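Read-outs throughout are calculated quantities, based only on the coordinates presented, and are distinct from any laboratory measurement. Note that the structure is a prediction, hence the values are computed from the model and not measured. With ideal geometry, Cβ positions are generated from the backbone for all residues, glycine too; neighbour counts draw on all protein chains shown.
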Amino acid sequence: MARKATEIVPIMLRLRESLRRQLEQAATKNERSLNAEVIDRLIQSFRNEDQAQLIKETAQATAEATMTLLGSVPPKEDIDGSAKTSDNLRKGRNK
């Protein structure tokens, strides 16, 4: 039987003592339990990933719009900021 998405489930977690101490200190500072601190930090890490993806997509769209306004639209691989493209630009091999 599948668990419901809202079901609270216990997990076994192994981590270094130094990290547990950091989490415990943060929990004390934030006036919450160690469990609540870990959960909040996990949730925040997923939010940060979502925000980073949104920033990347916005930057891409902005770059494309800017290039369109300037009348020069490079191939998509030139806009995504790949290291290969950056190397080509530095070495004067941009097409």
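Things worth noting here:
- Counted by neighbouring Cβ atoms within 10 Å, the residues D50, D40 run from fewest to most as D50, D40.
- Per-residue ³J(HN,Hα) for segment 2-12, Karplus 6.51 cos²θ - 1.76 cosθ + 1.60, θ = phi - 60°, Hz, x for Gly and Pro: 6, 7, 6, 4, 8, 5, 8, 10, x, 9, 8
- Under 14 Å from the Q44 label point (7 Å along Cα→beta-carbon), backbone N, segment 6-27: 22-27
- A Förster distance of 25 Å, applied to the separation of the beta-carbon atoms of A5 and S33, puts the FRET efficiency at 0.65.
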